[in-house]
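Contents: one structure, followed by commentary.
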Amino acid sequence: IDAPGAGPITVKRGSVEFNNVTFGYLPERLILKNVTFSVPAGKTIALVGPTGSGKSTIIRLLFRFYDVETGSIIIDGQNIKTVSQESLRRSIGVVPQDTVLFNNTIKYNIKYGRLSATDADVIEAARGAEIHDKILQFPECYDTQVGERGLRLSGGEKQRVAIARTLLKAPSIILLDEATSALDTQTERNIQESLTRMCANRTTIIVAHRLSTIIHADEILVLQEGEIVERGRHDHL
Ligand code: ATP
Ligand code: MG
């Protein structure tokens with residue numbers, strides 16, 4: 001669905017803008033209504049709001065699962081509709097709510113396409129995501145098969161694999177759909193630390209469920225039925 005001749009995007013610092021974006025999956029039902037916000041390069045915004053309010057839709061539009069017809073999404077001055085989807089996705093790191101691992105080794109899952117990454121790079125990323133020590137306990141360490149047909153990891157462990165993958169990718173922009181599942185406090189603290197490390201100095205858009213995430217955001221957008229009804233910092237809302 002790329003426009004003819006769509007070239008690669010040039011993402012440098014990674015500023016993100018939504019300008020009057022109106023979107024519906026079906027024409028008769030609008031999911032986002034006139035959504036406008038901007039994230040300066042290197043800053044973090046948190047999206048909060050009730051279920052169905054459109055938070056994940058914003059993430060999907062940025063990753064260009066769908067194109068917007070009304071309004072525009074701009075990254076570093078470029079309308080994402082005009083660049084190739086593949087280059088856009090190469091430039092953005094995503095940590096989804098429910099990470100699905102490939103039926104392959106843990107190493108493969110962290111590298112995921114970055115064939116030039118060395119074992120040392122993989123270990124560094126795993127350390128950053130607080131998952132290295134866990135991996136060393138697996139029967140074949142980094143060569144252990146994981147996924148449906150291998151070792152099953154918990155939700156929190158899978159998310160940390162996705163964080164390691166994103167650390168290795170080192171994108172300027174990170175999209176994070178925070179898991180809603182309850183985690184024990186120690187795991188939550190570990191994940192929070194790895195997330196903070198991952199997002200430092202990167203433009204980050206987080207669908208936030210945890211208060212600790214919300215407190216750390218530079219700005220919070222409150223969505224309700226597809227509209228931004230409030231915005232500001234934690235201490236102002
Ligand atoms: P949650 O907190 O439950 O994850 P959310 O704020 O992320 O909710 P979205 O996933 O953005 O909500 O969904 C917003 C609305 O769009 C919902 O009413 C949902 O039913 C609808 N929706 C989501 N995906 C599709 C789709 N592929 N086709 C049609 N409608 C969809
Ligand atoms: Mg969602």
(message) Nearest 10 degrees is fine. How inclined is helix 155-169 to the longest principal axis of the chain, computing both from alpha carbons?
(response) 80
(message) Could you derive backbone 3J(HN,Hα) for the stretch 123-133 from the dihedral phi with the Karplus parameters 6.51, -1.76 and 1.60 (θ = phi - 60°), listing whole Hz in sequence and x where the residue is Gly or Pro?
(response) 5, 4, 5, 5, 5, x, 8, 6, 10, 4, 4
(request) Take the stretch 1-120, drop everything but the C-alpha atoms, weight them equally and run the Debye formula without solvent; then report log10 I(q)/I(0) at 0.14, 0.15 Å⁻¹ to two decimals. (result) -0.72, -0.81
(request) Mind pulling the angle between the C-alpha long axis of helix 185-199 and the longest principal axis of the chain? Nearest 10 degrees, somewhere in 0 to 90. (result) 60
(request) Largest first and to the nearest Å, give the Cα extent of the stretch 96-153 along each principal axis. (result) 26, 24, 21
(request) Go ahead and set up a Gaussian network model of the chain, Cα springs under 10 Å, then flag whichever of 193, 225, 148 fluctuates most. (result) 148
(request) List the residues whose amide H sits under 5 Å from the amide H of residue 104, counting only those 5 or more places along or on another chain, with H placed 1.01 Å from N in the peptide plane. (result) 146
(request) Let me know the Kirkwood hydrodynamic radius for the stretch 43-114, please, with Cα pairs as the basis and the value in Å to one decimal. (result) 14.6
(request) Take the chain, connect every pair of alpha-carbon atoms lying under 10 Å apart with a spring to form a Gaussian network, then pick out the residue of 154, 91, 53 with the largest mean-square fluctuation. (result) 154
(request) Give, as a single signed number, the net charge of other residues whose beta carbon lies under 13 Å from the beta carbon of residue 142, with Lys and Arg counted +1 and Asp and Glu -1. (result) -2
(message) Can you compute the charge dipole magnitude of the stretch 62-200 about its Cα centre, using +1 on each Lys and Arg Cβ and -1 on each Asp and Glu Cβ, nothing else charged? Give it in debye, rounded to the nearest 20.
(response) 280
(message) From the phi angles alone, apply the Karplus equation (6.51, -1.76, 1.60; θ = phi - 60°) to the stretch 145-154 and give each ³J(HN,Hα) in whole Hz, x where the residue is Gly or Pro.
(response) 6, 10, x, 3, 9, x, 5, 8, 9, 6
(request) Quick one: which residues, 5 or more positions from residue 173 or on another chain, have an amide H under 5 Å from its amide H? H modelled 1.01 Å from N in the peptide plane, none for Pro or chain starts. (result) 93
(request) Could you run the Karplus curve 6.51 cos²θ - 1.76 cosθ + 1.60 with θ = phi - 60° over the stretch 134-142 and give me ³J(HN,Hα) per residue in whole Hz, x for Gly and Pro? (result) 4, 4, 5, 7, 6, x, 10, 6, 5
(request) Measure up 55/81; 134/169; 43/158; 81/107 against 27 Å on the Cα-Cα distance and list the ones that go over. (result) 81/107
(message) I need the Kirkwood Rh of the stretch 82-236: take the reciprocal of the average 1/r across all distinct C-alpha pairs and report it in angstrom.
(response) 16.5
(message) To check you understand DSSP bridge types, tell me what percent of the beta bridges within the chain (both residues inside) are antiparallel, rounded to 5.
(response) 50
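Read the figures in this text as sums done on the coordinates, not as results from a lab. What you see is a predicted model, and the numbers here were worked out from it, not measured in a lab. Every residue, glycine among them, receives a Cβ derived from its backbone with ideal geometry; neighbour counts consider all protein chains shown.
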